[in-house]
1. For Lys220, give me every one of the lysines with a C-alpha distance below 21 angstrom, ignoring sequence neighbours fewer than eight places off in its own chain.
2. With the dipole of the chain worked out from charges on the C-beta (+1 for Lys and Arg, -1 for Asp and Glu) around the Cα centre, which of Asn221, Gly30, Ala180 lies farthest toward the positive end?
3. Among residues other than Gly264 whose Cβ falls under 13 Å from its Cβ, what is the net charge (Lys/Arg +1, Asp/Glu -1)?
4. Once Lys and Arg get +1 and Asp and Glu get -1 on their Cβ, which of Gly114, Thr139, Val103 lies farthest toward the positive end of the dipole of the stretch 35-149?
5. Below 12 angstrom from the Cβ of Glu164, what's the summed charge of the other residues (Lys, Arg +1; Asp, Glu -1)?
6. Which distance in nm do the two modelled labels at Ser105 and Ala3 give, with both placed 7 Å along the Cα-to-Cβ direction?
7. Which longest run of the chain has no exposed loop site in it, a site being GluC sites (Glu not before Pro) in a DSSP loop with at most 16 other beta carbons within 10 Å, and the site itself not part of the run?
8. Considering only DSSP beta bridges with both partners in the chain, what is the antiparallel share in %, to the nearest 5?
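Every number here is computed from the coordinates shown, using simple stated rules; none is lab data. Keep in mind that what you see is a predicted model, and the values were worked out from it rather than measured. We place every Cβ from the backbone using ideal geometry, glycine too, and count neighbours over all the protein chains shown.
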Amino acid sequence: MNAFDYHRPATVGQASEMFVAGAERRYLAGGQSLLPAMKFGLSAPEGLVDLGRVPDLKGITRTAQTLRVGAMTSHASVAASADVLAAIPALARVADGIGDPAVRSRGTLGGSLGLNDPAACYPAAVLGLGATVHTNRRTIPADAFFKGLYETALDEGELITAVEFPVPEKAAWMKFKQPASRFSLVGVFVSRGPAGVRVAVTGAGACAFRVPQLEAALTKNWSAAACEGVKVSSDGLNTDLHASAAYRAHLITVLARRAVAAAG
């Protein structure tokens, strides 16, 4: 691991100031992806800005219509939150299925979204619920946030501060996990609510994406049966040692059907 400067701000403003433009610095959230990458020489930042002691980035706030989760809120905290379990239990299920207990205790919502791993679970929930990503500079709708492989709409130095989820009428999450890593081989999040019917997929492409044909079918008829006649194209989907593109395309429909059945 290379030598680097270490900074520990107490406020969002201080964190922004410490992220010097042009310098090779990285925000450090839970560190579950960044620190291993540094150990293996895959990432070599000149400095880290540790967000662990910025209280404004943590916590969960619920209203009748929305659920707001701070970017530095851990997966374990989301999974155990009474507010999340009452408002969007499917979101708690997403958080509870990430990695193992050690990862869930350190990993954060903001860290997961900022990295945008193609098989991460949280992006499917954010996209599948039509959430809004809040940063230290602006708000970004979920549909505009995920751009490609490890690529997001965030500008250099821009910091995720919170994510605001609209409370749906119905929602569910189904994940076919890779048993060793516990990442999503394919994961599907479905919801019906203020943002309409949404079906979001992770693990199958370069980043999380929506499936318009499933959304159209479920808008007409919200039932598991409505998914059965929908064929998802394998064009552009991932093929690797774990599964082919065709297999992943098949899984999308299967998991969507199961998710709708679970949502009721």
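1. Partners found: Lys170, Lys231.
2. Asn221
3. Once positives and negatives cancel, what remains is +2.
4. About the Cα centre, the residue reaching furthest to the positive side is Thr139.
5. +2
6. Each label point is offset 7 Å from its Cα along the Cβ direction, giving 3.3 nm.
7. My reading of the result: 47-155 is the longest stretch.
8. 85
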